[in-house]
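*Asks:* Below is a structure I'd like to ask you about.
The values are calculated or read from the model by the stated rules, or taken from the named source; none is laboratory data. Owing to the predicted nature of the structure, the values given are computational and were not obtained by experimental measurement. All Cβ positions, even for glycine, are placed from backbone atoms using ideal geometry, and neighbour counts span all protein chains on display. Protein only, heavy atoms only, side chains kept; ligands, DNA and RNA dropped before computing areas. Shrake-Rupley method; radii C 1.70, N 1.55, O 1.52, S 1.80 Å.
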Amino acid sequence: MDIKWKNIAKNMKSFFSNGKRTIPGVLLILIGIIVLGVLLHEAKLYYISTRQVWKIGIIVNAVIGFGIWLTLPVLIKIIYQDWRPKNSDFYPEWKEQWKHQQRILLISCAILLFASMWFLNLQMNGGWYYSNFATGYLALVTTMIQFTVVEMVLIKFMRSRLDLLMECVNEINKERLKEAVDLEKQSIEKAAKSEQLKVDLISNVSHDLKTPLTSMVGYLELLKKEDLTDVPRDYVEVISDKAEKLKEMIESLFSIAKASSGNMDFNMESIELNRLIEQILADMEDRIKKSDLSFVTLLTDEDTHMITDNIHMYRICQNLIENTLKYSARNTRVFVKTFIEKSLTEQRLCLEITNTAGYMMDFDKEDIVERFARGDKARSSEGNGLGLAIVSTYTGALGGSFDINIDCDQFKAMLYFPIEDENEAV
C-alpha cells in the first residue's frame, strides 16, 4: 500500500512539474465545470434565455476543451512513460492498449450521457416548470464535445506512440541485424580459417610424405632387380603396387590443397576439346579394353576450341573417364558427348560423360564431390574418393562449372566452360 501511494505521489509530482501546461489546464477545467454546474443549477430557479444558455455553453465548452487539451497529453505520457517495446512484436500490445483506452472512454462517456439525459428528463418530468430545457440539451452536447476532444487527444498520442515504437523497433532490428552480420562475418572467418588450416595441413603432410615414399619406391625398384624367388618377388610386386597407389593419392591430395588455396599457376592456351578427348581415350585404350565397357563418342561437329590449361584440363577429363572405369557396371556402355550450349547471353562448351553404375547410388552431388567420398559405400572398387573432388576443384579454378545428374542407375558428369576469344588467353 505504501508503494502504491508513493507511486501516486510521484506521478502527481511529475504531472504538476510541467506547470506551464498542467496548472492552467486544471484551472480552466475547474472553472468550466463550476460555471457549467452553476448554469445547470440556476436553470431551475429562474428564467434564463436559450440564447444566454448557448452563449455561455459555447464559452464553457471552449474553456473545458482547451484545459483538456493542455492537461490530458501530460497525464497520458506519465501513465505510459515506461511503455517501450522489447521486441518487434509490439503491435499486439499497442492494439490492446488502444482497446483498453477506448473501453474506459466509452464507459465514462456512457455514464455522463446517462447523467445528462437523467437531468433533461428531470427538467421535463420532474416539476421544474420554470427551467429552460436548453440547459439539459447543453449538458448532452457538452458531454459529446468533450468526448470528441478527449478522443482526438488520445488518437494523436497513440499515433505518436506508434511512431516512437516503430523507431524503437527499427533500432532493435538494426542492432539485431548488426549482431547477425557480425556473427555471420565471424562464422565465415572461422570457416575460412578452418578450411585454410585443413588445406595447409594436407599440403604439409602430403609434402612430408612424398620424400620417404619416394625412397621406398626407389628401394622397391632395386629389389625387383635382385634375384628373388617367386614368393618374395610377389610380395615386392604387391608392395610396389600399393606404394604407387599411395603416391598417387598423396599427389592428388597435394593438388587439391594447392588448387583450393589459389596458388596454382595456369598456362592458359587454346586447345580443342574434341581432340583432347580423343587423345585421352587413345592413351587409355588398353585399360578401356580390359574393362569390358563400350565407349560411345558423340562429339559435336562445331568448333570446340577453348582457352584453358592443357595439363589440368587433361587431368579433369582423365579423372572422369577413370571414374567410369572404376564404378561402371560390367558390359555396359559409356557415352562421351560434347556440344555447344547457346543462350541469349552466352555460349558454353559442354562435356557430358554418362555411365551405368554397378552399385546403388544413394548419395547427392554435394556428397560425392567431397574428398574421400565414394559412391561405392562398400568400397569394393579401387577408387580412393579423390577423383571427382579434383575434377570439381580444378574446373572451378579454370573458370568452369561441374555438375552431376543421377537418374536411377545412370550417372552423368557434366563440365561447362564459357567460350572465350583466343585473344583473351593469358
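*Asks:* Pairs please, first residue from segment 307-322 and in contact (Cβ under 8 Å) with a residue 40 or more places away in the chain, second anywhere and among the aromatic types (Phe, Trp, Tyr) and assigned to a helix (DSSP H, G or I), Cβ atoms under 7 Å, 6+ apart in sequence or on different chains.
*Replies:* His312/Tyr394; Arg315/Tyr394; Ile316/Tyr394
*Asks:* Here's another thing I want to ask about it. Could you give me the residue pairs with C-beta distances under 8 Å whose first residue belongs to segment 341-361 and is within 19 Å of Phe402 (Cβ to Cβ), whose second residue is at pLDDT below 80 and crowded, with 18+ Cβ neighbours inside 10 Å wherever it lies, and which are 6+ apart or on separate chains?
*Replies:* Ala357/Gly375; Met361/Gly375
*Asks:* Here's something else I'd like to know. Does Arg161 count as among the basic types (Lys, Arg), more than 29 Å from Gln102 (Cα to Cα) and modelled with pLDDT under 80?
*Replies:* No; evaluated as a whole, the condition is false for this residue.
*Asks:* I would also like to ask the following. Would you call Gly385 on the phi > 0 side of the Ramachandran plot and modelled with pLDDT of 85 or more?
*Replies:* Numbers: on the phi > 0 side of the Ramachandran plot: yes; modelled with pLDDT of 85 or more: no.
In short, no.
*Asks:* Under 6 Å by Cβ, and 6 or more places apart or on different chains, what pairs join a residue from segment 91-109 that is under 26 Å from Leu140 (Cβ atoms) with one that is part of a helix (DSSP H, G or I) and among the aliphatic types (A, V, I, L, M)?
*Replies:* Short answer, once both residue conditions are applied: Gln101/Leu154.
*Asks:* Scan segment 53-71 for residues that are more than 17 Å from Val141 (Cβ to Cβ) and buried (at least 19 other Cβ atoms within 10 Å of the Cβ) and report the count.
*Replies:* 3
*Asks:* Before we move on, is Ile104 closer than 17 Å to Trp94 by Cβ and within 39 Å of the chain's Cα centre (by Cα)?
*Replies:* Numbers: closer than 17 Å to Trp94 by Cβ: yes; within 39 Å of the chain's Cα centre (by Cα): no.
When the stated conditions are applied, Ile104 does not pass them.
*Asks:* Is it the case that Thr297 is free of Cβ contacts under 8 Å to residues at least 60 places away in the same chain and either open to solvent by less than 20 Å² (accessible area, probe 1.4 Å) or under 41 Å from the mean Cα position of the chain (by Cα) (or both)?
*Replies:* On the way: free of Cβ contacts under 8 Å to residues at least 60 places away in the same chain: yes; either open to solvent by less than 20 Å² (accessible area, probe 1.4 Å) or under 41 Å from the mean Cα position of the chain (by Cα) (or both): no.
Answer is no for this residue.
*Asks:* Among the numbered criteria (1) assigned to a loop (DSSP other than H, G, I, E, B); (2) among the hydroxyl-bearing types (Ser, Thr, Tyr); (3) modelled with pLDDT under 80, which one does Thr300 miss?
*Replies:* Against the list (1) assigned to a loop (DSSP other than H, G, I, E, B); (2) among the hydroxyl-bearing types (Ser, Thr, Tyr); (3) modelled with pLDDT under 80, Thr300 comes up short only on (3).
*Asks:* Is it true that some residue in segment 149-158 is open to solvent by 100 Å² or more (accessible area, probe 1.4 Å), closer than 21 Å to Gln81 by Cβ, part of a helix (DSSP H, G or I) and modelled with pLDDT of 75 or more?
*Replies:* yes
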